[in-house]
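No lab work stands behind these numbers, since they all come straight from the coordinates. Nothing here was measured: the structure is a model prediction, and the numbers come from that model. Reconstructed Cβ throughout: ideal geometry from the backbone, glycine too, with neighbour counts over all protein chains shown.
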Amino acid sequence: MPIYPTIQERKKGGKKLFAVLLDPDKITAAPLSAVIEKAVDAGVDYFFAGGSLIVSSNLDACVQLIKQQCNIPVLLFPGSPSQITPNADALLYLSLISGRNADLLIGQHVISAPFVKASGLEIISTGYMVIDGGAPTTVSYISNATPIPADKADIAMCTAMAGEMLGHQLIYMDAGSGAKKPISEAMIAAVAQHIDVPLVVGGGIRDAEKAYRNCKAGADLIVVGNAIEKDAALIKEISDAVHSVSGAPTVVN
Ligand code: 1GP
């Protein structure tokens, strides 16, 4: 079952999705098994695997363990072309549209294109936007690109619109893993009101309340990593909050 049509269908039905981000550097087999179990119980929709900088070679083992233990699809969220394994279900094919670093807009894609195509993964073209999260994050440093200022909703909106018109199937707004400040609902709403493709939001979300408000503002898929690494009980709370939202977004100004 392809992933992207499901995401579209959920959006059409006003339903929200929740993804748990796993950083293969930080998680070993035993805690990963416990997280997987909790994710299954909580009805998590997806696992995202990857990160801006991965220094271990655990990615494939991590993906394989998830696939052995459950049916939750795994979407790769790679910081570089080396973070690809055919054992996942899909690849978020990220282009950093908020930056002006040609390498992350298209350069890395050119270099890895034959390998990516041969992987057989479902490719989901994703316009990736890094938003200032109050302090430098790994993604803002590694990408060597200026994040969109947190209070410039109009820049985020225009960037997302351009990304959609360029053909990206998803727009992903990210304050960066562990961001001090998550993305404001006002910015999420400004973007959501101007695009039709599903909107992914992550970075610095620490509780169910913020996940809920983001969904009400128009986010279609919420991603949480760091907070869950610290407290796995949040998986259920956030999943319940995200899945409790339905219908059209509440207008936030
Ligand atoms: C980062 O959006 C993800 O790319 C998740 O961020 O780890 O802060 O939840 P956190």
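Here are some notes:
- Within the range 2-24, the set of residues being closer than 22 Å to C62 by Cβ and aromatic (F, W, Y) comprises F18 only.
- Any hit, the range 119-140, residues being part of a helix (DSSP H, G or I), in contact (Cβ under 8 Å) with a residue 24 or more places away in the chain and not hydroxyl-bearing (S, T, Y): yes
- Selected residue (only one of L105, L92 is touching a residue at least 40 places away in the same chain (Cβ under 8 Å) and among the hydrophobic types (A, V, I, L, M, F, W, C)): L92
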